[in-house]
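Read through the structure below, which is laid out as structure tokens, and then see the notes.
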Amino acid sequence: MIGSLLIIYGSYLLLRPPVRSISHGRVSDVCAGFLGGITGGLAGFPGAFVTIWCGLKGWDKAHQRGVYQPFILSMQPVTLITIQLMRPASSVQAQLDWKVCAFVPAEKGKPMSRLRFLLLSFVVLFPMIVSNWSAQADWLDDLRLGGYVIVLRHGATYSNQADTDPLNMKNVAAQRQLNDQGRAQAKTIGESMRRLKIPVSMVVTSTLQRAVETGTLLGFGEVTATSDVAEGGLVVSPDENSRRTLALRRLAGMHPPADNNLVIVTHKPNIMDAFGKDWFDVREGEASVFEPDGYGGYKLIVRVQANEWTGLVKASRDQPQAQTSGLRSPLLVSPGRD
């Protein structure tokens with residue numbers, strides 16, 4: 001919608017007859033800035049209305065740049081700080097995007113040097129980066145102490161296979177299987193967790209072979225397979241699907257021993273049913289770390305993609321420079337959530 005408005009305004013500028021500049025008071029200037037904040041939040045165009053307003057005032061280009069470019073620069077730290085404070089729970093982390101440095105603002109109508117702008121951007125961005133490093137270190141340190149539940153979707157599978165005999169769990173040949181990438185993912189995740197000194201005392205898996213194999217290849221010992229976290233879908237009753245949903249939530253809210261963690265290997269439909277639509281994009285091999293609250297509820301701490309564990313190992317060994325795309329704001333869930 002905003003793009004359409006800008007196209008219409010651009011066409012108007014090309015076709016309109018010469019007009020006299022307009023002049024209004026500070027209230028109109030504030031309104032233009034307010035609309036800039038709205039379009040900045042909705043579509044990433046904080047300077048759109050301010051630029052239009054400057055044009056309507058009849059200012060020359062240097063004068064206009066002296067107003068709207070500093071406005072855009074000032075909106076950047078406000079936006080970044082707001083994102084950092086809110087940390088929206090979404091399928092994608094609110095990451096710092098270095099493309100914000102594409103703007104070269106002006107000062108008093110004259111272009112600001114790129115060096116000065118980069119220095120200003122660094123001053124704005126550095127605290128955010130340090131904060132992300134700190135957040136990453138905090139949840140890893142907590143995970144090393146135990147008491148968390150790690151819900152893992154099984155590793156990568158063959159996309160041309162399907163479960164052709166879902167009522168017979170013993171017919172492994174008729175199930176969708178892990179491919180070589182999925183087996184490598186499971187081994188890498190388990191090895192990375194050991195290198196990160198994350199203790200695991202129990203691994204619970206679905207009864208489907210791809211989940212059992214993922215849990216086994218993690219390398220934490222014997223796994224416990226249960227239909228409570230097995231994929232049901234259309235082959236089981238709605239009541240049974242609901243029971244499995246509640247069972248996974250109960251496991252996520254179960255408090256493991258203080259010095260150990262629980263790993264659950266399950267499937268995308270189970271994860272979505274238990275934890276909501278934010279997991280509609282959960283990938284094979286992705287882990288969601290939950291902190292039980294001691295009352296049957298749980299709080300989402302972080303989501304980690306399968307290929308991010310090695311980066312976490314490197315970051316902990318060298319310096320905190322890797323970031324996980326799954327880092328989320330805490331999501332509190334009560335035990336009675338539907």
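The values are calculated or read from the model by the stated rules, or taken from the named source; none is laboratory data. Note that the structure is predicted; figures quoted are calculated from it, not measured. A quick note on method: Cβ atoms are made from the backbone with ideal geometry, for glycine too, and the neighbour counts reach across all protein chains shown.
Here is how the numbers come out for the structure above:
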{"item": "Selection within region 234-250 - surrounded by 13 or more Cβ atoms within 10 Å (Cβ to Cβ) and among the hydrophobic types (A, V, I, L, M, F, W, C)", "result": "Val236, Leu246, Ala247, Leu248"}
{"item": "Check on Gln181, in a helix (DSSP H, G or I), in the same structural domain as Leu217 (by TED's automatic domain parsing) and either of a type outside the set (Lys, Arg) or touching a residue at least 12 places away in the same chain (Cβ under 8 Å) (or both)", "result": "yes"}
{"item": "Residue in region 229-243 that is out of contact with any Phe, Trp or Tyr (no Cβ under 8 Å at 6 or more places or on another chain) and of a type in the set (Ser, Thr, Tyr) present", "result": "yes"}
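Yes or no, residue by residue, for (1) modelled with pLDDT under 90; (2) crowded, with 16+ Cβ neighbours inside 10 Å; (3) within 17 Å of Leu312 (Cα to Cα):
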position: Leu119; (1), (2), (3): yes, no, no
position: Val123; (1), (2), (3): yes, no, no
position: Phe126; (1), (2), (3): yes, no, no
position: Ser131; (1), (2), (3): yes, no, yes
position: Gly146; (1), (2), (3): no, yes, no
position: Ile150; (1), (2), (3): no, yes, yes
position: Pro166; (1), (2), (3): yes, yes, no
position: Gln185; (1), (2), (3): no, yes, yes
position: Met202; (1), (2), (3): no, yes, no
